Amino acid sequence: MNLILLGAPGAGKGTQAEVICDKLKIPAISTGNIIREALKNGTELGQKAKSYMDAGALVPDEVVIAIIQERLAQEDCKNGFILDGFPRTVPQAEALEAMGIVIHKVLDIEVPDETIQKRLSGRRVCEGCGASYHVEFKPSAKENVCDRCGGKLVIRKDDQPETIRERLKIYHESTEPLCDYYKKTGKLVVINGQEDVADTSALVLKALEA
């Protein structure tokens, strides 16, 4: 089964991708990871992407799509895959279709903006070992001190309230139209993200069986 996972930053896509991978035994493919891998391996497409990145420019859609197509041709994708982080726009979705890449289902995990802001702004990360905490859902024993190594807990730039608001704004403007695009194809399945991660996972697995 070939899947696309949609959802705003902080909607819990990464966790649900792991659940699907475990259930279906297919790889989750993150655009960022693919590009980093192509750069590391020095592939022709990786070098092309690097030339744009070195110039401080966005990597064009055609280069990103070609890198993804190259990745999807690998042996571990023969029984399916999950695309996480791509497509981000309708033109990217159209280009994916034009390349003959068939998508069977698009899972959209919907979580209210205020819930996402609460989740992300409460995150704290250890400067020393990188351990992750949350002031409400997973607090450290001592405030702002890592349980594991005693390092200082900090708020990442991505989790600053103004950054979160900007990321959500960009998502609603550029990525949300994908929902309408895939709804018209009959492939969109909307999943209402639950407070308990396990409850969201149960809905995701049910959607795969439908």
Going by what's in this entry, would Ala49 be described as without any contact (Cβ under 8 Å) to a residue 24 or more places away in the chain and open to solvent by less than 30 Å² (accessible area, probe 1.4 Å)?
yes
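Rundown of residues vs (1) within 18 Å of Leu178 (Cβ to Cβ); (2) open to solvent by 50 Å² or more (accessible area, probe 1.4 Å); (3) at pLDDT 85 or above; (4) touching a Leu at 6+ places or on another chain (Cβ under 9 Å), yes/no style:
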site	(1), (2), (3), (4)
Asn41	no, yes, no, no
Ala55	no, yes, no, no
Gln69	no, yes, yes, yes
Asp76	no, yes, yes, no
Thr89	yes, no, yes, yes
Scanning for something surrounded by fewer than 17 Cβ atoms within 10 Å (Cβ to Cβ), more than 30 Å from Leu203 (Cβ to Cβ) and of a type outside the set (Lys, Arg), does the stretch 26-39 turn up at least one residue?
yes
What is the one condition in (1) under 30 Å from Val90 (Cβ atoms); (2) in contact with an Asp or Glu (Cβ under 9 Å, 6 or more places away or on another chain); (3) among the small types (Gly, Ala, Ser) that Ala207 does not satisfy?
(2)
Go through the stretch 119-146 and count every residue that is part of a loop (DSSP other than H, G, I, E, B), surrounded by fewer than 16 Cβ atoms within 10 Å (Cβ to Cβ) and of a type outside the set (A, V, I, L, M, F, W, C).
7
So which of Ile26, Ile116, Ile68 is among the β-branched types (Val, Ile, Thr), under 24 Å from Ala11 (Cα atoms), in contact (Cβ under 8 Å) with a residue 12 or more places away in the chain and part of a loop (DSSP other than H, G, I, E, B)?
Ile26
Subset of the stretch 91-118 that is among the polar types (S, T, N, Q) and over 23 Å from Asn144 (Cβ atoms) - its residue that is surrounded by the most Cβ atoms within 10 Å (Cβ to Cβ)
Gln92
Among the residues of the stretch 151-173 satisfying the criterion of being closer than 14 Å to Arg124 by Cα and exposed (fewer than 12 other Cβ atoms within 10 Å of the Cβ), which is modelled with the lowest pLDDT?
Lys157
Log entry, pairs with first residue in the stretch 175-197 being among the aromatic types (Phe, Trp, Tyr), second being open to solvent by less than 80 Å² (accessible area, probe 1.4 Å), beta carbons closer than 7 Å, six or more apart or on different chains, reads Tyr181/Val90; Tyr181/Ala93; Tyr182/Val106; Tyr182/Leu188
Has the stretch 80-92 got at least one residue that is part of a loop (DSSP other than H, G, I, E, B) and without any contact (Cβ under 8 Å) to a residue 12 or more places away in the chain?
no
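The values are calculated or read from the model by the stated rules, or taken from the named source; none is laboratory data. Just so we're clear, the structure is a prediction, and the values are computed from it rather than from any experiment. Using ideal geometry, Cβ is built from the backbone for each residue, glycine included, and neighbour counts are taken over all protein chains shown. Only protein heavy atoms, including side chains, enter the accessible area calculation; ligands, DNA and RNA are left aside. Shrake-Rupley method; radii C 1.70, N 1.55, O 1.52, S 1.80 Å.
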